[in-house]
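The values are calculated or read from the model by the stated rules, or taken from the named source; none is laboratory data. Given the structure is predicted, the values throughout are model-derived calculations rather than measurements. For neighbour counting, all protein chains shown are included, and Cβ atoms are generated from backbone atoms with ideal geometry for every residue, glycine included.
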Amino acid sequence: MDRFRGWGLVAATVAAGVLVGLAGGFLASRIQPTLYRSETAFVVQQAGEPVAAGTPTGDALVRTMSDLLGSDIVTQVVIRNLGLNESSADFDSKLHVGSDGSSVLRVSVDDPDQAKATQIAQELGVVFTQIVQDRFGQGSQPVQVVVFDPAHDVGKVSPPLRRDLGWGALLGGLAGLLVGNLLVTRRRRAAAAVRLQGTFPEMAQALLARSAAEPFQTVLVVGADGERVAAGVADSLAQRGQQALWLRSQDASAKELDRLTAHVSYVLVAAAKPDSRLARRVDLVVAV
């Protein structure tokens, strides 16, 4: 079986798919907005100590502070203080609040302007800590938030060129692999039948001569006398130093042919009459 050609075709389509995917990833990154990120972090405290993470009370307080930080109560004050010309929805889209399961709240702000992103993160810290102090800082167990990590630049986060190129290469390669397999499958149409005549050694010699010009491994021998001819030709090939064997058509599954061709140079399949299913699995069809 001409596996090398099939693998070469698949490799070529995969390589082409990767190149197309890289080009697509690059174009995708070009149309995405340029965004810069700044980050800050807060520690949620109660009675002057960080809340105990993993406890119902501690987790509830962290969730409450997280919800407050992302609410209009905070964002509207920040928008007003900085004179931002944007709605609460626009502001929320650039704000990301998260917790790693501890008493620390981490906040990131994305904006096309790095200096503006940092300014917003700083103002968030001022406004948020003051609102928490005003609303929760009284009583026997006062709650407050303290700036744990001051606002600082992170750098460009969009477009993520490396990620886009990576996904483009992966998806392009998979598409190329699919196309390559389809092309190889289509190429394996029923092989044109040729006729072998003469003695078994003469038939074997004819097959060897043809193989030298166009390499193949699997041969479908069609004819009422197909089994005897396949056995005789396989024996003649073996006598010439070739690894060869034959089997009946009912035993020639795709899995079995793949197993045999991995160890044997020539596999002859005997069939009493033409079989289009088998003709698509073998490299050469001969009539006897």
**Report entry** Condition check for LYS273: of a type in the set (D, E, K, R), under 16 Å from ARG195 (Cα atoms) and either at pLDDT below 90 or in contact with an Asp or Glu (Cβ under 9 Å, 6 or more places away or on another chain) (or both)
**Finding:** yes
Query raised in the report: Which of the residues that make up the range 54-69 are surrounded by fewer than 16 Cβ atoms within 10 Å (Cβ to Cβ) and within 15 Å of ILE131 (Cα to Cα)?
Result: THR64, ASP67
Report summary line: Note on the range 112-151: residues surrounded by 16 or more Cβ atoms within 10 Å (Cβ to Cβ), of a type in the set (Gly, Ala, Ser) and not in a helix (DSSP H, G or I) are ALA151
Query raised in the report: Among the residues of the range 87-101, is any more than 28 Å from PRO159 (Cβ to Cβ), modelled with pLDDT under 90 and assigned by TED's automatic domain parsing to the domain that holds THR40?
Result: yes
**Report entry** Entirely in the range 28-96, the helices (runs of 4 or more DSSP H) that have 3 or more residues that are touching a residue at least 24 places away in the same chain (Cβ under 8 Å)
**Finding:** 56-69, 72-82
